[in-house]
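A short reminder: the numbers here are calculations on the coordinates, not readings from a lab. Just so it is clear, the model here is predicted, and its values are computed rather than measured. Cβ placement follows ideal geometry from the backbone for every residue including glycine, while neighbour counts extend to all protein chains displayed.
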């Protein structure tokens with residue numbers, strides 16, 4: 001049974017111009033917003049990890065099976081610091097995360113999570129169908145309703161566990177940041193060969 005005072009996710013209009021998806025025209029998009037009572041100190045990536053990787057195991061399993069087998073999404077390793085639940089991290093900043101995955105059956109999927117303010121997170125899902133789009137439309141007609149039920153639930157779950165950062169998610173973030181720093185230093189020539197940051 002759900003706590004009556006718990007934050008509830010609600011569907012909101014999709015932002016017209018999302019810079020992270022470029023000029024590509026999407027075939028489907030939806031957005032869900034969740035507001036919490038107290039400011040949430042987690043980054044967008046930590047919130048996304050909580051939603052996708054710390055949900056109850058049955059929900060995680062259902063999402064994984066749907067992505068992997070129904071939609072045939074090519075997912076990366078779930079334990080990788082460069083992925084969130086198998087989705088490739090393209091951008092991770094404190095207030096925004098941009099995830100992508102590709103399905104030969106459906107097309108390209110994009111998830112953009114934004115911390116609008118310290119008490120509000122909006123997750124937007126974009127689907128760019130493969131061409132010709134007839135089969136992708138049929139597949140999404142089946143998968144879309146499940147997505148629209150599970151996405152708000154995942155946001156509500158993450159909000160209910162507010163400010164609890166999973167050590168593995170935090171560790172993944174630290175590993176990626178350290179690697180990014182060393183790549184940055186190497187590209188600027190400030191890191192001697194073989195030297196660690």
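Quick rundown of the values:
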quantity	calculated
Principal axis dimensions, region 10-165 - Cα atoms, whole angstrom, descending	46, 34, 27
Global geometry of region 1-51, whether rounded, prolate or oblate, following the gyration tensor of its Cα atoms and the 1.5 cut on a/c	prolate
Order by protection proxy (mean Cβ within 10 Å, highest first), peptides 18-27, 41-50	41-50, 18-27
